[in-house]
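The structure appears below as structure tokens.
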Amino acid sequence: PPSGVAALAQSRIIYLNRTGVTVTPGNNDSRTNRSSIVNSPRTVPAWNTSAETWAATVACFKDLWKEFDVVITDQDPGNVPHMEAVFGGSPQNIGMPSGVGGVSPFTQDCGVIENSIVFTFTNVFPNNPQLICEVMAQEVAHSYGLDHEMLASDPMTYLNYNGKRTFKDQLVSCGENQARPCGIGGSVCRQKQNSVQLLKERAGVADLI
């Protein structure tokens, strides 16, 4: 695309997977269970939660993403472009230290990672569908190129917030606990971030009529 214009993502199906997965190292590809995050074959077990908790998590996730042109399913879409959101297990299952709540690949240019596999480690959290849904929303949005931001009411934050988070149509600084330009590893892809506008640009706008 022209400089400064992001292409619409091909991966606009988001597969919510609570049944477990085994991933092998390689270029990110949800269709073949390859992940750049692992350096050896790794298995994340299923999230053994109640049907009610799972239904509430899915409903929360659908509500968070309702503005955007994505299909959200908990059935494996198979060999078509899709993001895979894996719920379950602990960070140690993929070789990460304890206390990590979730992880997604991320690029230096804050680009879309097609067919990305992201993880939310449900053993780290209380059995709270809203919290787990918001964490997963952040991880999926990372694979659409969104960074952490300094807005407590948005899912892209690390800041504390007493309430339900939603993606906000507001230009704010990136950062975890203090403001910084958006980007990773010292590279800067933008000075500030509007999570709603970025997701509309990359995932499309839902037809709500």
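The values are calculated or read from the model by the stated rules, or taken from the named source; none is laboratory data. As the structure is a computational prediction, the values presented were derived from the model and not from experiment. Heads up, the Cβs are rebuilt from the backbone with ideal geometry, glycines too, and the neighbour counts pull from every protein chain shown. Note: areas computed on protein heavy atoms with side chains; ligands, DNA, RNA excluded. Shrake-Rupley method; radii C 1.70, N 1.55, O 1.52, S 1.80 Å.
One table, with the values for the structure above:
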quantity: Options 145, 102, 95, 183: the member that is within 27 Å of residue 32 (Cβ to Cβ) and in contact (Cβ under 8 Å) with a residue 60 or more places away in the chain; calculated: 145
quantity: Single unsatisfied condition, residue 132 versus (1) within 13 Å of the chain's Cα centre (by Cα); (2) part of a helix (DSSP H, G or I); (3) under 25 Å from residue 8 (Cα atoms); calculated: (3)
quantity: Strands (runs of 3 or more DSSP E) wholly inside the stretch 1-116 that include at least 3 residues being surrounded by fewer than 17 Cβ atoms within 10 Å (Cβ to Cβ); calculated: 21-25
quantity: Any chance residue 200 is farther than 19 Å from residue 131 by Cβ, at pLDDT 95 or above, open to solvent by 50 Å² or more (accessible area, probe 1.4 Å) and outside any strand (DSSP E or B); calculated: yes
quantity: Filtered residue count, the stretch 44-53, keeping only those that are free of Cβ contacts under 8 Å to residues at least 60 places away in the same chain, farther than 11 Å from residue 86 by Cα and of a type outside the set (A, V, I, L, M); calculated: 3
quantity: Candidates 20, 26, 78, 4 - the one that is at pLDDT below 95 and on the phi > 0 side of the Ramachandran plot; calculated: 4
quantity: Residue in the stretch 161-175 that is in contact with a His (Cβ under 7 Å, 6 or more places away or on another chain), open to solvent by less than 30 Å² (accessible area, probe 1.4 Å) and over 24 Å from residue 24 (Cβ atoms) present; calculated: yes
